1. Relative to the longest principal axis of the C-alpha atoms of the chain, give the angle of the C-alpha long axis of helix 122-134, reported between 0 and 90° and rounded to the nearest 10°.
2. At 0.692 mPa s and 37 °C, plugging the Kirkwood radius over alpha-carbon pairs of the range 3-197 into Stokes-Einstein gives what diffusion coefficient in µm²/s?
3. Towards the positive end of the charge dipole of the chain, with charges on Cβ (+1 Lys, Arg; -1 Asp, Glu), say which of 137, 78, 149 has the farthest Cα.
4. Tell me what the chain gives for mean residue ellipticity at 222 nm when only DSSP H runs of n ≥ 4 count, each as -39,500 (n - 2.57), the sum divided by the residue total, rounded to 500 deg cm²/dmol.
5. Need the full-extension length gain, residue 123 to residue 153, defined as separation in residues times 0.36 nm minus the C-alpha distance. One decimal, nm.
6. In the range 84-161, which GluC sites (Glu not before Pro) are in a loop and have at most 10 other Cβ atoms within 10 Å, using DSSP for the loop call?
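Bear in mind these aren't lab numbers, they're just calculated from the coordinates by the rules spelled out. In this text, all values refer to a predicted model and were calculated from it rather than measured experimentally. As a convention, Cβ positions derive from the backbone with ideal geometry for all residues, glycine included, and neighbour counts pool all protein chains shown.
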Amino acid sequence: MSPTDFQRRQVTGRGIPVPGNDIDTDRIIPARFLKAVTFEGMGEHAFEDARKQNPEHPFNQKVYQGASVLVVGQNFGCGSSREHAPQALMRWGINGIVGGSFGEIFFGNCVMLGIPCLTVSQADLEWLQKAIGRDPQQPVTVDVERQEVRCGERVITAGVPDGARKQLVNGTWDSTAVLLEAGAAIEATAKKLPYVSGF
């Protein structure tokens, strides 16, 4: 596989708005699910407690089933640094996230899974959530390369840190795949190192 197999230049899908700020990783995936040995099945527990407390939660609504672009508020993914949160979202079907801002570790974990997280202004965020609510079937495009979000006729300027943008666009976000791709070069270099080859 080459890096082009992992490129995330843009993601298009139906949107799902989850309103509110400071939604932490414990609300995304409750702590009791961290005991699992693998991430398999984690998607069905995304927002589980919030969904039980609020039957109208977007992740419960049929109209949003199959949506793949999550639209959230400020400081999404704050709190503890659990990789389970983006894993749960990815396994639920989320391929891209648009928000006002993101918890730093959550953002990094998303990039490591190839999930672009783009930031937009508060005004654009509110417009986007309302637009999706009015027409949940319309596609939303998260364009990492152009740093914009498109919905209907509207093009919204979006931001993503340059390093993450390059990794997603170039297909080098999967560090394991990058290492495996470079296996022969790593072996060749190791053979030249006396503290490796001398033993």
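1. Once rounded, one gets 70 degrees.
2. Reported coefficient: 187 µm²/s.
3. Of the candidates, 137 comes out farthest on the positive side.
4. Result for the chain, helices only: -9500 deg cm²/dmol.
5. Roughly 9.2 nm would be gained on extension.
6. The qualifying sites are 153.
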